[in-house]
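Undergrad: Can you keep this structure in mind? I'll have questions shortly.
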Amino acid sequence: MVSDINDDPVLCTCENITRSQIIAAIKAGHQDFRRLRQQLNIASECGNCYRPVLNLMRAYAPPKKRKLTMPKDRHFPMPWKHFSHAKLEQEYSPSSCISDIMVYIQQYINDSKQAKQSLQHQANLNFGDNLCQGLDYFPGQPGAPLLVYIHGGYWQELSKNESCFMAPALVALGYHVAVLDYTLAPQASINMMIQQCCQAINWIGQQTWHCNFEQIILSGSSAGAHLAACVLQAAAQGQYHLSANTFAKAILFSGIYDLRPLVGTYINQPLGLDLSQATKLSPGLRHNHQLPPCQLIWGANETAEFKRQSQQYAQFLEADGVSCQTAEITNRNHFDVVYALTSLI
């Protein structure tokens, strides 16, 4: 560093600008030669002072702050890029592994109807969004944990009304259960669905239910698992009045954590996603920090791509320091694997 001297030599003889004047201008924030020359009215053709001024700039300008950058998006493997269109649609059609999807949908309907007939509950609670039917709440034992469930249906089918089937078994164990609704595509975007789920959970936290709000378990299946993963990330970032402490753990069934393969398929017709939107809405392409412990579950009778999505997401969660367990449930498929929830909680 250039040492201070008592005398104040003229460094720019053309304009009689002294060393102290130059130092004062540098400290005032004029820390490149062009801005300094303009501030001190040094002629551009004056070259006598360039080197001594440069030395002063090096000595007195504060070190430049290192620009902080967010981690780049994750590289989620893309084997689907090499699929034919028919193969891609088959891999992302869960019903391709079973003979009749309606058997399972009817089971959802029957078991959910039985749950509402047999259990005390509050239906269609309005959490503040009039676009959807709200949520259904099944009370458990005082002080017991609350499980919040988000249904699947590729963001375009089903509702909470067919998704209460797990309530009897959970309530029998003492758990409280809340089943969320959200507006389906094409009436709503996936981003709006995420906001609705966050809004519902924030509303739940303000209720006087006799459950342990410090032990909220978040669960979802298929598209609901994707929405749940997005809610976890939003909570970790303090969005929508949620926090990293909102959830005690998460149990996600057969989710899609990279939406990009869907863009060119029939699934995307009501969703209307382009590649950029699909990338932004993919929790598997983001770094995950301050997430609660997660369980990623899938059925043995599922497509290779659905299995890979959960397996890859689990690896990324573990790489980010998130406690994560995985399990493939034998004799289960994409639609009935969620019935294993009671044994996993």
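The values are calculated or read from the model by the stated rules, or taken from the named source; none is laboratory data. Everything numeric here is computed off the predicted structure, so don't read it as measured data. Glycine gets a Cβ as well: all are built from the backbone with ideal geometry, and neighbour counts include every protein chain shown.
Undergrad: Which members of the stretch 230-265 meet the condition of being assigned to a helix (DSSP H, G or I) and closer than 24 Å to A340 by Cα?
TA: Those that are assigned to a helix (DSSP H, G or I) and closer than 24 Å to A340 by Cα: C230, V231, L232.
Undergrad: Identify the residue in the stretch 301-316 that is of a type outside the set (A, V, I, L, M), part of a helix (DSSP H, G or I) and in contact with a strand residue (DSSP E or B) (Cβ under 8 Å, 6 or more places away or on another chain) and, among all such residues, is nearest to S95 (Cα to Cα).
TA: F306
Undergrad: Taking the conditions exactly as written (in the same structural domain as I150 (by TED's automatic domain parsing), hydrophobic (A, V, I, L, M, F, W, C) and surrounded by fewer than 18 Cβ atoms within 10 Å (Cβ to Cβ)), does A248 satisfy them or not?
TA: So A248 fits the description; yes.
Undergrad: Could you say which residue among S254, S310 is among the polar types (S, T, N, Q), modelled with pLDDT of 95 or more and within 16 Å of the chain's Cα centre (by Cα)?
TA: S310
Undergrad: Across the stretch 317-334, what is the number of residues that are surrounded by fewer than 20 Cβ atoms within 10 Å (Cβ to Cβ) and in a helix (DSSP H, G or I)?
TA: Adding up the residues that qualify gives 2.
Undergrad: Return a yes/no flag: does the stretch 138-158 have any residue that is surrounded by 14 or more Cβ atoms within 10 Å (Cβ to Cβ), among the acidic types (D, E), at pLDDT 95 or above and touching a strand residue (DSSP E or B) at 6+ places or on another chain (Cβ under 6 Å).
TA: no
Undergrad: Then there's this: List, please: which pairs have Cβ atoms under 7 Å, are six or more places apart or on different chains, and start with a residue in the stretch 323-336 that is free of Cβ contacts under 8 Å to residues at least 60 places away in the same chain and end with one that is surrounded by fewer than 14 Cβ atoms within 10 Å (Cβ to Cβ) and part of a strand (DSSP E or B)?
TA: That search, which allows pairs on different chains as well, returns E328/A300; I329/A300; T330/A300; N331/A300; R332/A300.
Undergrad: For residues that are surrounded by fewer than 17 Cβ atoms within 10 Å (Cβ to Cβ) and under 18 Å from C230 (Cα atoms), tally how many sit in the stretch 298-311.
TA: Count: 1.
Undergrad: Residues that are more than 24 Å from D336 (Cβ to Cβ), outside any loop (DSSP other than H, G, I, E, B) and assigned by TED's automatic domain parsing to the domain that holds H287: does the stretch 161-174 have at least one?
TA: No - not one qualifying residue is present in the stretch 161-174.
Undergrad: A further question on this structure: Based on what the data block shows, is L227 closer than 22 Å to L158 by Cα, assigned by TED's automatic domain parsing to the domain that holds L135, not basic (K, R) and not in a loop (DSSP other than H, G, I, E, B)?
TA: Considered against the rule, which asks whether it is closer than 22 Å to L158 by Cα, assigned by TED's automatic domain parsing to the domain that holds L135, not basic (K, R) and not in a loop (DSSP other than H, G, I, E, B), L227 comes out as yes.
Undergrad: Would you confirm, using the coordinates I've provided, whether Q290 is out of contact with any His (no Cβ under 9 Å at 6 or more places or on another chain), closer than 19 Å to I201 by Cα and either surrounded by fewer than 16 Cβ atoms within 10 Å (Cβ to Cβ) or of a type in the set (S, T, N, Q) (or both)?
TA: For Q290, the condition - out of contact with any His (no Cβ under 9 Å at 6 or more places or on another chain), closer than 19 Å to I201 by Cα and either surrounded by fewer than 16 Cβ atoms within 10 Å (Cβ to Cβ) or of a type in the set (S, T, N, Q) (or both) - is met.
Undergrad: Right, something else. Considering only residues of the stretch 179-222 that are within 20 Å of L291 (Cα to Cα) and part of a loop (DSSP other than H, G, I, E, B), which is modelled with the lowest pLDDT?
TA: The residue in question is G205.
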